[in-house]
Amino acid sequence: MSLLEIKDLKTYFDTDRGLVKAVEGVTFHINSGETLGVVGESGCGKSVTALSVMRLLPRPIGRIAGGNILFKGEDLTKASEARMRQIRGNKISMIFQEPMTSLNPVLTIGFQIMEPLMLHQGMDSKEAKEKAVELLQLVGIPDPKQRVDEYPHQLSGGQRQRAMIAMALACKPELLIADEPTTALDVTIQAQILDLMNDLQREFNAAIMLITHDLGVVAEMAQRVVVMYAGLIVEEAPVASLFYEPLHPYTQGLLASIPRIDKDLDKLHVIPGFVPNPFEFPEGCRFHNRCERAFSRCSREMPPLYSLGDGRMVRCFLYGSDSGGGAR
Ligand code: SF4
Ligand code: MG
C-alpha cells in the first residue's frame, strides 16, 4: 500500500465568475520515504491538489467534488474536521513558499514550533521548548537558544524558511508537502534549504510531495515526477526517464525552455501561447492550442492517460493505439 494514494481527485471552486474545475481527475501515489515532484506552471492545479490533501481549501468557495485521497488507507475526503486536526502538522505537514503568510507574526518562532508538540505529542511547555531549540539547531539556525524567543520579522527570509521546516518536522510527519519551498529565496540559500530537506528526509524517512515549477529542483530532489497542465496530469515518469526522454509535447516544451550550458542561449525554446483560462478550458486535449503536433482529433477529444509500462504514463494521442491498448 502506498503512503498516499490520490484517486481521480476533482477539486472545484464556486466563484462569482462561475465554476472553476481547478483539479479535474488527478491520480497519483507517493510511497514512504520517496520524493515525488509535482511540476507545472502556476494555475495548473498543483497547489490546489496539495490544499485538497490538507483539507485547507479556501472556504466557502473551494470543495472536493469527487475522488479519494487515501492516506495509509484512510480516506481524507471523508475525514471529520476533528480528525484532520489530528493529522495536520502531525502526520502530514506542509511548507509554503512564503513563510510570512503561514508563520503567525505575533507569536514567537519557538511557540509556533512548540504548539504542535504540545497538541499532538503531549509535551509540557518545558519539554516542547527544549525540543524547539533542538529543531532550530537541526535546521541550521544560529544561536537557537536566543532565536527561539524571537518573532518571525526578526529572522531573515532563509531563516524563516528554516523555522517553518522545523515547525513542519516537529512531530516527525510521515508526509511533508512542500509547495515551492525555495522559490522566494536566492540561489545559494535555495541550495542550502534543498540540501537540508534531503538530509532531514533521510533522517526522518518522510515522504515528500515537492511542488515546483522548477525542473532543476525536481532533478535534484525527486525520484518520480508528475507533470500537471490545466488541472490534469499529462505525464508521469521516473525522474531520469522524464529528463532523457520526455514524452508529452508540453513536457518537451518545458524541458526545452530550461537554459543549459551545452545549448545556445538564443535557441531557447518558449512554449507558444498561454496557460488556458480555468473558466474556459479548451475542448479536447487542453494543450491543443499550444501544441506543435496537434492534429484534428486533439481539438475534439480529451486524450486518456496512457500507461506505457516502467512507471510511465502520458496523456497524448501520439502514444495511444486505436485499439485502446494501455489506455485507462
Ligand atoms: Fe498535442 Fe494532440 Fe498530444 Fe494534445 S493529444 S499533446 S494536442 S498531440
Ligand atoms: Mg502554487
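Throughout, read-outs are computed from the coordinates displayed, never taken from laboratory work. Keep in mind the model is a prediction, meaning the values are calculated, not measured. Virtual Cβ from ideal backbone geometry, glycine too; neighbours counted across all protein chains shown.
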Give the Cα extents of region 26-108 along the principal axes, in whole Å, largest first.
38, 33, 33
Can you list the residues, at least 5 places off or on another chain, whose amide H is less than 5 Å from the amide H of LEU3, using H built in the peptide plane?
ILE30, ASN31, SER32
Helix-only CD estimate at 222 nm, as mean residue ellipticity for the chain, using -39500 (n - 2.57) per DSSP H run (n ≥ 4)
-9000 deg cm²/dmol
Going from the alpha-carbon gyration tensor of region 63-160, what semi-axes, largest first and in whole Å, does one get by taking the root of 5 times each eigenvalue?
29, 16, 11
What ranking of CYS285, CYS171 emerges when the number of other C-beta atoms within 10 Å of each C-beta is taken as an exposure proxy, fewest first?
CYS171, CYS285
Residue-ordered couplings for region 135-151, obtained by feeding phi - 60° into the Karplus form 6.51 cos²θ - 1.76 cosθ + 1.60 and rounding to whole Hz (Gly and Pro as x), are 5, 5, 4, 4, 8, x, 8, x, 6, x, 5, 8, 5, 4, 9, 8, 9
Give, as a single signed number, the net charge of other residues whose beta carbon lies under 10 Å from the beta carbon of PHE71, with Lys and Arg counted +1 and Asp and Glu -1.
-2
Of ARG293, ARG85, ARG55, which is the most mobile in a GNM of the chain whose springs link Cα atoms less than 10 angstrom apart?
ARG293
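How much of the DSSP beta bridge set in the chain is antiparallel, as a percent to the nearest 5?
DSSP beta bridges in the chain are roughly 65 percent antiparallel.
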If one puts a single equal scatterer on every Cα of region 1-42 and applies the Debye formula without solvent, what log₁₀ I(q)/I(0) results at q = 0.18, 0.19, 0.21 Å⁻¹?
-0.67, -0.71, -0.80
So how do PHE295, PHE317 line up by other beta-carbon neighbours within 10 Å, fewest first?
PHE295, PHE317
Pairs LYS21/LYS72; LYS46/LYS172; LYS10/LYS46; LYS21/LYS78: which exceed 22 Å Cα-Cα?
LYS21/LYS72; LYS46/LYS172
Could you bin all the Cα-Cα distances of the chain into 10 Å bins starting at 0 and give me the percent of pairs in each, rounded to whole numbers?
6, 25, 32, 24, 11, 3, 0
Calculate one ³J(HN,Hα) per residue across region 162-170 by plugging θ = phi - 60° into the Karplus curve 6.51 cos²θ - 1.76 cosθ + 1.60, and present them in order as whole Hz with x for glycine and proline.
5, 4, 5, 5, 4, 4, 5, 8, 3
List the aspartates and glutamates whose alpha-carbon lies under 20 Å from that of LYS126, not counting same-chain residues fewer than 8 positions away?
GLU115, GLU134, ASP143, ASP149, GLU150
Provide the descending list of Cα extents for region 168-239 along its principal axes, expressed in whole angstroms.
34, 28, 19
Which of THR251, THR212, THR15 moves most in a GNM of the chain, Cα contacts under 10 Å?
THR15
For the chain, with a Gaussian network of springs between Cα atoms less than 10 Å apart, report the residue from PRO105, PRO116, PRO238 with the top mean-square fluctuation.
PRO105
